[in-house]
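Take a look at the structure set out below.
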Amino acid sequence: MSSTFTVAAAPAATGSATAGKALYTGNACFACHGTPPSQKKILNGANLTTLTNSFKNVGEMTGYSFTSQQLLDMNAYLKTPNI
């Protein structure tokens, strides 16, 4: 007897724009990037990869440490900065 089954992919992790906005404000990101963030070209690279790399490689931003969920939240906020 032969059986087949399908394994469903895990749902993609998502971020909360509201939580991301709180992180952006609470960490004073607006001091360099403006409010809303689009004022200082931060949205040009508003994707999770660019955001993660920025916190590893861009000047003063390397001093911050965020969890994977916090990065997802901040990314969600950058995609909808006028919430």
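What the table below lists for this structure:
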| read-out | value |
| --- | --- |
| Normalised per residue, the volume of the convex hull around the Cα set of region 17-79 (Å³) | 74 |
| Per-residue HN-Hα couplings for region 17-34 [Karplus 6.51, -1.76, 1.60; θ = phi - 60°; Hz; x = Gly/Pro] | 4, 5, 5, x, 5, 5, 5, 4, 6, x, 9, 6, 4, 4, 4, 9, 9, x |
| Ranked by how many other beta carbons lie within 10 Å on average, peptides 26-38, 69-81 from highest | 69-81, 26-38 |
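Each value in this text was obtained by applying a stated rule to the coordinates, not by laboratory testing. The structure presented is a predicted model; accordingly, all values stated were derived computationally and were not measured. Backbone-built Cβ (ideal geometry, glycine too); neighbour counts: all protein chains shown.
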